Every structure is written in structure tokens, then in C-alpha cells.
Amino acid sequence: MKRRHLVQLGLGAALPTQLWAASPEAPRLLVVFLRGGYDAANLLVPTSSGFYYEARPNIAIAKTAALPLDTDWGLAPALADSVHPLWNKGQAAFVPFAGSHDLSRSHFETQDHIELGQPEQGSRDFRSGFMNRLATVLGSSSRLEAMAFTDQVPLILRGERPVANQALRDVNKPGITPAQAEVIAGMYAGTRLAGAVSGGFEVREEVGREMAGDKAAEMEAASRGAIAAKGFALEARRVARLMRERVTLGFIDVGGWDTHVGQGGATGQLANRLGELGKGLALFADEMGPQWSNTVVVVVSEFGRTFRENGNRGTDHGHGSAYWVLGGGVKGGRIAGEQQQIKAATLHQNRDYPVLNEYRAVLGGLLGRMYGLNDAQLAQVFPGASPRDIGLV
């Protein structure tokens, strides 16, 4: 490809691999990782559970406000104009009680665990993420291009197959970084403005720390530099254009889901982020055009959150989550996978959603159907797993 073609795509000229035009018939897969552990119970609302409303006196989404999905579940109203229309078209499904069996409740441990996709027991190979292994399996018989829409190639795409990455626009980040502030202060060193400049930056940094607080700092750390939901909404069409024309296997992470304080219910902090995320997903679907029928988007998070609200009207690190599966060829308009009644007695460790739909089994079954992979090929992607096809495509 010529450099000007790369520039037109917004990629610059520093990609580590050559990009080929993808076959129009080739399946597209985009994995969206919500870093921070989003609260699945205020996305996929268990409207038939009286216990849900007892456990969340301040942050529950009222049954009358939730968008009805079936007799047991409703959808957060923040997605009324984005994901809910896809549900109505049969292009969106949800898998509750999903996740890994990792019980560390550590953002970093569990994020690594899911991205690597390796067996629960034994040592981990941090050089081999499951999407890279998938690319390796598929690349042996097809012209495939994998790309991470991130600042660096994430664990999930690290491995023997070279993978391109492209950082998206920095949205909701400080206009001047600490390093840049240091350079600017140095420029004024020895001048009569030196004290004012350096003092101004010190005050700015101090105020920023005070405004952030411990929980906000934790949220930022848990996001691992991922783009904000608002940023994803702004960049979704660009991602779609690349996946429509050049990329068949994509990954993006979206940060800001660690809602310990002031989470909100039908409106508020979490609802705002869900709204931006939903807007981005809807824009992505629209921009894919006819390719949407060959596309599957999977939205995951490292874990869910505590079922009961905490004393700060937020939720803490939990266990089971809910995955989203979107696409023109998805068998949607339904809640998929194993489920159970939601009450105090069925909570994991009396606090969280249990994991009934283990992520490697669910994703293995999905990938097997999408790409026609046999057992040996799936074993390369998810070694030691037992893929289970729950009819998502």
C-alpha cells in the first residue's frame, strides 16, 4: 500500500504489518473490553427479581424505566436509541452470569486472565493472548489482518503473529501531560515568569489530585489507559471503516467502569457511560453498512460488581458479569446461556452474580460457529477449554 492510502485511513506510516484489503465475505470480529468491571445488573436489569430492588434501594433501575426484553429482564434506558433498536431487529443478545472463574477480584489479575485465555490452573504465558492465537489459526488459510485500536498492542493480541495497533484520539485526557508541563516550565527557567509558570503547574497538579481522590485514581488505573466511552463514540465510525475495508479481527478497550461511588441508576454516572458506549456501537453498526451482516461484536468486562449497593451508593468488585453479542448475523432478541433465579440464596459468596457461562466455553463456541473451527483448532485458541455453542450465531 502507498503511504497516502494509510494516511487517508488515519493510520500514519508506522504500522508494523502490511494491510491487505479484506475479503467482503470474511467474518469480522470486534472485541470491546470494558476495563474497570462494569455493573451488569444496571445494564441487564433483573426486573422480575424483588431481591434486586431490596439490594439496591438507591441505584436500582425501576421496572417501569427499564426497556422490557422478556419476562425476567429489562435493558438500561440509556440504550433506548442505540442498542435497544438492534435488539428489536434480532441483532443483539446478552449472556448473563458470564465471566471467568478467577476469584482475585483484582482488575489486573482478571483482565490478564481473560485476555490470555489460558487454563485456570498452571503458569501463564504472557506472550500469548487468545486473539493472537485465533489470528494464527485463521491466518494459515486466509488473508487476515488483526488490529488493536489501542496505544499499545494489548495482551489479548500478543503472540507469534505480528499485529498492528493504532491509538485513537485522546478524549477526556488532560490537555498538557506532566512531561509536557516539565518541558514548558524549563523553557521559562531563569526568566521573570519562571515562578508563576512552575507554580501554576504545581497548583494544577495538586488540585487534580484532590479532585480525583483515591477511588477516581483507582478507576483510572483499572482502565489501563483505555479510551473513555465518549471517545469511543467519537471514533466508532473510523474503527468501522477500517474493519469494513481492511481489518477482520479487531480489539478496543473502553475505560471508566469502576463505579465505587455515586454510580446512579436510570440516570447518572454509569448511565452516561452506557449511553456513550451504546451510541458508539450503533454508529459502528451503521458505518459497517452491508458488512454488518458478517460482523460480530462481543462486549466483555473483567468481572461484574457486587449485587448489593455499598454505603457510597456505588458497587464494589464482584464476580459474574453479562456479555453483549451484537451483529447483523447474530441470533439476537434473546437472553442466551445458562441462567438461574436471582435471590440472596443464589448469589456467589452471598455478594455477587455467579459465573454459569464461563468465558472460554462461550467464546470458544461462538468462534467455532463463526469460523467453522474444529476441535483441534479451538484447542489452540483456548487450550484445555470445553467450547459450548449457545446459539449466538
For a protection proxy built on the mean count of beta-carbon atoms within 10 angstrom, sort 109-120, 87-98 highest first, please. 87-98, 109-120
Take each of the peptides 54-65, 353-364, average the number of other beta-carbon atoms within 10 Å over its residues, and list them starting from the highest. 353-364, 54-65
Expressed in nm to one decimal, what extension gain is obtained for the pair K343 and S123 from 0.36 nm per residue of sequence separation less their Cα-Cα distance? 75.6 nm
Can you list the equivalent-ellipsoid semi-axes of the range 90-144, largest first and in whole Å, using the square root of 5 times each Cα gyration tensor eigenvalue? 24, 20, 8
If a/c stays under 1.5 just call it rounded; otherwise compare a/b with b/c (prolate if a/b is bigger, oblate if not). Do that for the range 42-149, with a ≥ b ≥ c from the square roots of the Cα gyration tensor eigenvalues. oblate
Relative packing of peptides 368-381, 297-310 - highest average C-beta neighbours within 10 Å first: 297-310, 368-381
Determine the shape class of the range 351-393: with a ≥ b ≥ c the square roots of the Cα gyration tensor eigenvalues, call it rounded for a/c under 1.5, and otherwise prolate if a/b is greater than b/c, oblate otherwise. oblate
Mean Cα-pair separation over length for the range 232-281, i.e. relative contact order, pairs under 8 Å, 6 or more apart, %: 56 percent
Classify the range 277-335 from the C-alpha gyration tensor, please: rounded if a/c falls under 1.5, else prolate or oblate depending on whether a/b exceeds b/c. prolate
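Throughout, read-outs are computed from the coordinates displayed, never taken from laboratory work. Model, not experiment: these values are computed from the prediction. Glycine gets a Cβ as well: all are built from the backbone with ideal geometry, and neighbour counts include every protein chain shown.
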